[in-house]
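The values are calculated or read from the model by the stated rules, or taken from the named source; none is laboratory data. Quick caveat, the model's predicted, so the values are computed rather than measured. So basically every Cβ, Gly included, is an ideal-geometry build from the backbone, and we count neighbours across all protein chains shown. Protein only, heavy atoms only, side chains kept; ligands, DNA and RNA dropped before computing areas. Shrake-Rupley method; radii C 1.70, N 1.55, O 1.52, S 1.80 Å.
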Amino acid sequence: MRLAIAGGTGMTGEHVAAIARGRGHDVVLLSRRTGVELLSGAGLAGALEGIDALIDVTNVVTAKPDVSVMFFAGATKNLLAAERAAGVPHHLVLTIVGAEAAPDGYYAGKLAQERLVAGGVVPWTILRTTQFHEYAAMMFHRTHAGAHVASTGRIQPVAVREVAEHLVDLAERGPAGRTTDLGGPREESLADMVHRYAHAIGYRAPLPVVNTPGTLGRAFRSGALLPGADALRGTQTFSEWLDALPDA
Ligand SMILES: NC(=O)c1ccc[n+]([C@@H]2O[C@H](COP(=O)([O-])OP(=O)(O)OC[C@H]3O[C@@H](n4cnc5c(N)ncnc54)[C@H](OP(=O)(O)O)[C@@H]3O)[C@@H](O)[C@H]2O)c1
């Protein structure tokens, strides 16, 4: 198959590209580093000729709903228009389990992205997964007033490599609509994960446990971001991911 990977130079995208190439697929990477600006659409024309499926793993780092919606809706509209023009038969996008539980921040953009894909004319698949193991690192490095903290929450993290494998499986299978969610093998405490990550990289200073205010903090504490009983389960645990860290 010939697969286009929007965001193919990012964390998830690099795994998707490596797995797809390993299975013998042709891969076209779409990102600013490869000359494609998805918000303006520059570089998209001509890039999708002969593509059998496009996997969207683009991202913007923001907690602001307007910025998130502008990015995900803008990029998705341009991708769908270019796919329609080029006759791409499958648009596959990665989003997040429980996004509707925190619709007033980053997840606003993910929900807008899902609505556009599901309402569009290009046959589609939406895969929702839980947070990746790397979420612990992201939370540790996102300081508050210059201090590291460990936010409370319930989380069932999954290995990004397993998410990428599943995305390539889904691209090979063809459009499936809203497909079964994917989560990690076991529930963890987010604060515990952040502490264990900090310890693994040699951080020994105090790391206070805090209840992050706002909708996202509440969604994490309530368990709204956990996968349901019918979700698929990855196999790599957070402990195994920690053990494999280069700094560990
Ligand atoms: N992290 C998690 O726990 C988690 C969990 C579930 C789902 N997800 C979803 O996974 C997806 C991928 O996340 P990630 O952390 O792997 O992303 P990432 O590492 O931040 O990579 C983002 C990619 O998007 C590209 N990009 C950004 N702005 C662009 C633009 N204007 N035009 C073209 N390309 C652009 C970047 O390439 P350039 O910089 O070269 O443009 C890069 O390839 C996201 O949609 C996220 O919602 C994440």
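Some notes on this structure:
- Take the conditions (1) surrounded by fewer than 23 Cβ atoms within 10 Å (Cβ to Cβ); (2) free of Cβ contacts under 8 Å to residues at least 60 places away in the same chain; (3) within 11 Å of the ligand (Cβ to nearest atom); Val93 misses just one of them, which is (1).
- Of the residues in region 179-193, at least one is within 24 Å of Gly105 (Cα to Cα), open to solvent by less than 30 Å² (accessible area, probe 1.4 Å) and more than 20 Å from the chain's Cα centre (by Cα).
- Residue satisfying all of: in region 1-27; out of contact with any strand residue (DSSP E or B) (no Cβ under 8 Å at 6 or more places or on another chain) and either without any contact (Cβ under 8 Å) to a residue 12 or more places away in the chain or more than 8 Å from the ligand (Cβ to nearest atom) (or both); farthest from Glu162 (Cα to Cα) among these: Gly24
- Scope region 40-71; condition surrounded by 15 or more Cβ atoms within 10 Å (Cβ to Cβ) and near the ligand (Cβ under 8 Å from one of its atoms); matching residues: Asp56, Val57, Thr58, Asn59, Val60, Phe71
- The set of residues in region 74-105 that are among the small types (Gly, Ala, Ser) and under 27 Å from Gln156 (Cα atoms) comprises Gly98, Ala99, Ala101, Ala102, Gly105.
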